[in-house]
Amino acid sequence: MQNNSAIVIEGAAVVFGDRLAHASVRLEDGWITAIDGARDGADVVDGRGHILAPAFVDIHGDAFERQLMPRPGTMLPVAAALLDTDRQLAANGIATAYHALTLSWEPGLRSVENGRAVVSALDALAPRLTVDNRVQLRWETFCFEAIDLIREALSGPRLPSIAFNDHTSMIMLDPSVSLQERPFDHDPAFPVVDPETPEFAAKTAERAKRAKIPVPDMVSMIRDMWGRRPQVPAAIEEVAALGRAVGAPMFSHDDSQIEARDFYRARGAGISEFPMNRRVAQAARDAGDFIVLGSPNAARGGSHLASIGAADMIREGLCDILASDYYYPAMLLGLARLKADGVGPLHALWPLVSGNPARACGLDDRGAIEIGTRADLVLVEWPEGGAPAVRRTWVAGREAYRAVPARR
């Protein structure tokens with residue numbers, strides 16, 4: 001990666017790990033080389049009136065799907081969609097992004113075929129992208145056809161993460177049982193809906209529309225997938241072994257029972273992504289797992305699924321990481337809402353979107369403003385009482401985004 005000449009950012013309030021303080025920060029050859037050092041011929045950026053902070057590390061974001069399929073069933077070229085997504089990331093201060101790439105038995109957007117196209121396109125586009133684009137292999141555990149792609153992606157140049165998802169069991173869950181309290185997905189007594197009912201057909205209509213197939217075909221496909229259930233545990237063992245072999249970060253997704261968190265932790269998944277109740281989150285905390293919630297949850301003041309609220313969980317020490325989930329601007333907006341609501345000072349909140357996700361993914365070179373760390377930085381305009389806005393983003397010392405406001 002080619003970098004510009006040395007840069008010194010002066011006058012900004014800098015988000016350090018233990019404080020917010022005015023300081024100058026020098027970037028050179030992609031790294032932070034000095035705090036309050038000499039200019040020494042560097043280009044100077046005036047940061048007065050702004051906040052300078054570690055750029056965001058987005059551990060789970062699927063907003064890129066809206067670039068691939070802006071309307072249900074309407075697919076656009078993968079390369080163009082990813083180039084546009086990359087610009088959105090930079091504009092929102094995200095220097096490292098793990099795209100939550102669903103690998104499912106569904107046709108269309110979330111198919112293995114489309115997943116392969118996205119992985120291949122990101123590799124081919126890498127020299128043209130402005131931020132560090134990676135993938136979270138969001139694997140549906142009933143989709144055995146994805147295992148070869150997972151194996152290939154794990155050998156690629158940018159180590160992906162793996163998230164174990166089981167939306168098939170969620171689809172088949174009897175509606176009298178809430179998603180937040182459903183039994184462990186592998187429980188032999190898992191309560192199942194009758195797929196022949198009109199209510200089940202109605203439930204699958206949106207999924208069928210996304211896959212561009214008739215609802216009866218989707219119902220039939222789900223029924224066939226459910227027949228694979230006895231083989232799912234062996235498939236999970238295979239994928240978990242692949243991840244452990246290369247040190248890939250691994251997640252379990254939407255855990256509703258402690259048994260589920262224990263099951264995936266035992267297979268190397270040390271990250272609990274969107275636990276669905278406090279009981280599971282507390283068990284994850286007691287075991288030393290990382291806990292991920294969504295930034296939109298924090299920005300809105302609650303989950304769109306009526307699950308646990310991010311602000312309360314942060315107060316209780318039950319959330320380490322906020323991910324963009326489905327909306328990239330929410331990483332900054334979530335911080336703003338948490339700060340406004342008195343959840344914590346900015347320097348204590350910022351690791352939720354930078355240092356902690358970097359550590360969880362084994363990216364120890366970024367996520368903090370310290371000498372010797374990668375120069376991934378964001379300069380934020382944040383007027384008192386106003387909405388914050390990203391003005392500049394640097395990725396490994398290279399300017400990835402700049403927005404110049406109208407002069408007042």
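Where a number appears in this text, it was derived from the coordinates with a stated rule and is not lab data. In this text, all values refer to a predicted model and were calculated from it rather than measured experimentally. Cβ coordinates were reconstructed from backbone atoms using ideal geometry, including for glycine residues, and neighbour counts include every protein chain displayed.
Could you tell me how many degrees, from 0 to 90 and to the nearest 10, lie between the Cα long axis of helix 330-340 and the main elongation axis, the longest principal axis, of the Cα atoms of the chain?
Relative to the chain, helix 330-340 is tipped by roughly 70 degrees.
Restricting attention to segment 187-229, which GluC sites (Glu not before Pro) occupy a DSSP loop and are surrounded by at most 12 other Cβ atoms within 10 Å? Provide the component values of the computation, followed by the final result.
Details: sites: GLU196, GLU199, GLU206; in loops: GLU196.
Within segment 187-229, the qualifying GluC sites (Glu not before Pro) (loop, at most 12 other Cβ atoms within 10 Å) are GLU196.
What's the angle, to the nearest 10 degrees (0 to 90), between helix 215-226's Cα axis and the longest principal axis of the chain?
Once rounded, one gets 90 degrees.
Can you pull out the chymotrypsin sites (Phe, Trp or Tyr not before Pro) in segment 196-257 whose DSSP state is coil and whose Cβ has at most 14 other Cβ atoms within 10 Å? Show your work: numbers first, answer last.
Numbers: sites: PHE200, TRP226, PHE251; in loops: none.
In loop regions of segment 196-257 (DSSP not H, G, I, E or B), there are no sparsely surrounded chymotrypsin sites (Phe, Trp or Tyr not before Pro).
Considering only ASN297, PHE274, GLN180, whose Cα is most displaced toward the positive end of the charge dipole of segment 56-365, charges sitting on Cβ of Lys, Arg (+1) and Asp, Glu (-1)?
Positive-most Cα among the choices belongs to ASN297.
If I fit a long axis through the Cα atoms of helix 112-125 and take the longest principal axis of the Cα atoms of the chain, what angle between them do I get, 0 to 90°, rounded to 10?
Orientation of helix 112-125: about 20 degrees from the principal axis.
Would you mind putting 232-238, 100-106 in packing order, based on average other-beta-carbon counts within 10 Å, highest first?
Numbers: 232-238: 14.6, 100-106: 24.6.
Listed from highest to lowest mean packing, they are 100-106, 232-238.
In what sequence do HIS60, HIS50, HIS167, HIS22 fall when counting other Cβ within 10 Å, fewest first? Write down the numbers at each step before the final one.
Working: HIS60 27, HIS50 22, HIS167 19, HIS22 13.
So the ranking, lowest neighbour count to highest, is HIS22, HIS167, HIS50, HIS60.
Treating only the Cβ of Lys, Arg, Asp and Glu as charged (+1, +1, -1, -1), what charge dipole size does segment 56-365 show about its Cα centre? Round to the nearest 20 debye. List each step's numbers first, then the result.
Numbers: 31 positive and 40 negative charges, 135 e Å.
The dipole magnitude comes to about 640 debye.
In segment 1-156, if the dipole is taken from +1 on Lys/Arg beta carbons and -1 on Asp/Glu beta carbons about the Cα centre, which of THR96, VAL8, ALA63 is farthest to the positive end?
Checked the options; the winner is ALA63.
What is the Cα centroid distance between segment 68-124 and segment 130-174, reported in whole angstrom?
Between the Cα centres of segment 68-124 and segment 130-174 lies a distance of 13 Å.
Say each of ILE35 and ARG402 gets a label point 7 Å from the Cα, pointing the same way as Cα to Cβ; how far apart are those two points in nm?
2.7
Say we join alpha carbon atoms closer than 10 Å with springs in a Gaussian network model of the chain; which of GLY317, GLY108, GLY397 then has the biggest fluctuation?
Taking springs between Cα atoms under 10 Å, the residue moving most is GLY317.
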